[in-house]
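Notes follow once the structure below has been shown.
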Amino acid sequence: MRLEDSDVERLARCLNGVPILGCSWGSVAALVGLQRGDVVIAVNGVKTPDELAFNYARSLRDDQLELEVVRDGETLSFLISRERLRGFDPMFVLDEVVAMRFDSFGAVFP
């Protein structure tokens, strides 16, 4: 069953996380396994209930990215290294998802 964007956003608020409302086919986010409807609850070991925490957590590492994601009621962990992405910066994962309206604060990103 496909959830509406508003349902994913509501779930993210309940989980104190950030919703993923989409990943482009073949994108870095899709390559690492993120999916529409996932909710990011931590980045690099830091809970991400708001934009400030999210941006702080992103800045903690530049060699890899550790994501904790809730999908279908289960918590999944993703460890994304430069090697796994064949030279791509792991931050591209989060940049792309932000560009796809990945936000728990009601703002809409371009």
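Bear in mind these aren't lab numbers, they're just calculated from the coordinates by the rules spelled out. Treat the numbers as computed from the prediction; the structure is a model and nothing was measured. FYI the Cβ positions are ideal-geometry reconstructions off the backbone, even for glycines, and counts take in every protein chain you see.
Structure above, values below:
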item	result
Low-density loop positions, GluC sites (Glu not before Pro), region 35-84 - DSSP coil, at most 12 other Cβ in 10 Å	Glu83
Label-point separation, Arg71 to Leu52 (7 Å along Cα→Cβ), nm	3.2 nm
Order of Val43, Val70 under a 10 Å beta carbon neighbour criterion, fewest first	Val70, Val43
Cα→Cβ-extended label distance, 7 Å offset, between Ser24 and Asp7, nm	2.7 nm
